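What follows is one structure encoded as structure tokens, with my remarks underneath.
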Amino acid sequence: MKSITSSKIWLSSPHMGGTEEKYVQEAFDTNWVAPLGPNVNNFEKAIAEYIDDDVYVAALSSGTAAIHLALELLEVSKGDEVICQSFTFSASANPILYLGATPIFVDSEKDTWNMSPELLEEAIENRLKNGKKPKAIIAVHLYGMPYKVNELSEISNKYNIPIVEDSAEALGSSFRENKCGAFGDIGVYSFNGNKIITTSGGGALVTRNEELKKRAVFLATQARDDAPHYQHSYVGYNYRLSNVLAGIGRGQMEVLNDRVKARRANYDFYFKNLGGSNKIEFLQEPDGYYSNRWLTCVLTSSFEKREEIRLALLEQDIESRPLWKPMHLQPLFEGYPNFSNGTSENLFERGLCLPSGSNLRTEDLVRIIEIIRTKI
Ligand SMILES: *Cc1c(COP(=O)(O)O)cnc(C)c1O
């Protein structure tokens, strides 16, 4: 059988630390093969301790489930409007549709590639004039780069609209020494197979409000009322993380700092070797911003150039990927209101994500830059 780690170079592949199997074995040894148990509790504890003293974490089956529950906790329902960063992966926006609500898309600014504060305020004013106050703002730290935390928080406070902080790609990133995931009213992580750490599939919801965490767990476990029989007053979900997978998560948390270091070293390598060319641009960290560099992204000079590089890499069995296609350009979201300035459209046209796994070898990186150099 061909292993998925053979000669092919992946964009971002799982990277085990070594202790994961010990915790998984514990789950088997103690028969906690269930969506609850010591690994779930200890995984939550490890994440909370990593982020901040006063945060509460609920381990869930995916990042998408966490966004869905976050919107539910903020009482988003049918007919409501929810503002969402347009430049993101579709999982940020899909839960808006699960709830029968309407997404309002907002474009990015150039410093971090995330939600533009100016356009966000314009969108809110527009919706208020239309007679409807948006119920929530989904802001994303895309590719690990923190969004404009102070500016977006200020707008959220001014209009009293809560932020769902999509940190799916930003575990290990920070802004002014504070970890991404705990800036918004509710934060979200993903542990999907290609993220900075993985449980194969999984996610977490983060909040500073203990009641919200309790409510998230209640909803994630079928919303069962307190009674000896099965009684239900609310729609529930089956969204809790398996205790087996949480064992992988415990092991992964032990190496998170190493993973961030390795991904940042990938970025530094690419920047050192390609940054001198005026044909390639990099997203640099503004003052106070610290990115986990989940993926190293570059901007080429044109759509044609981007494709030329991507195909040249593919020919050598090296996976790269265009930047996310903005939601306001997706067939699924056609017709929803959007506030755009052309930024994300331009990024999508010219941008390419380079192989960024923490398990890349120096010889892999050398191979990659040699191929890119022949094309720029
Ligand atoms: C991966 C990702 C998600 C979804 O997380 P899953 O665990 O795959 O459901 C949400 N938002 C962004 C920005 C992501 O990259």
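The values are calculated or read from the model by the stated rules, or taken from the named source; none is laboratory data. Fair warning: this is a prediction, and the values are worked out from it, not measured in the lab. Reconstructed Cβ throughout: ideal geometry from the backbone, glycine too, with neighbour counts over all protein chains shown. Please note that ligands, DNA and RNA were not included when accessible areas were found on the heavy atoms of the full protein model with its side chains. Shrake-Rupley method; radii C 1.70, N 1.55, O 1.52, S 1.80 Å.
Structure summary
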quantity: 1.4 Å probe accessible area per residue over the range 20-253, in Å²; calculated: 40
quantity: Surface accessible to a 1.4 Å probe, per residue, for the residues of the range 256-373, Å²; calculated: 47
quantity: The range 108-196: relative contact order as a whole-number percent, Cα under 8 Å and 6+ apart; calculated: 24
quantity: Inter-part distance where the range 135-207 and the range 297-321 are each reduced to a Cα centre, Å; calculated: 29
quantity: Highest average packing first - 288-297, 314-323, 140-149, Cβ atoms within 10 Å; calculated: 140-149, 288-297, 314-323
quantity: Inter-part distance where the range 225-290 and the range 343-376 are each reduced to a Cα centre, Å; calculated: 20
quantity: The range 51-174 - charge dipole about Cα centre, Lys and Arg +1 at Cβ, Asp and Glu -1, debye rounded to 20; calculated: 500
quantity: Long-range amide H partners of residue 11 with built H, under 5 Å; calculated: 319
quantity: Taking the chain and dividing mean pair separation by its residue count, relative contact order in percent (alpha carbons under 8 Å, at least six apart); calculated: 25
quantity: Among 43, 303, 183, residue whose mean-square fluctuation peaks in a GNM of the chain (springs only between Cα atoms under 10 Å); calculated: 303
quantity: DSSP beta bridges in the chain [antiparallel fraction, %, rounded to 5]; calculated: 60
quantity: Sulfur and carbon atoms: percent of accessible area, the chain [1.4 Å]; calculated: 48
quantity: Proximal charge balance of residue 327 [Cβ under 13 Å; K/R count +1, D/E count -1]; calculated: -3
quantity: Whole-number percent relative contact order across the range 221-307, with pairs defined as alpha carbons under 8 Å at least 6 apart; calculated: 20
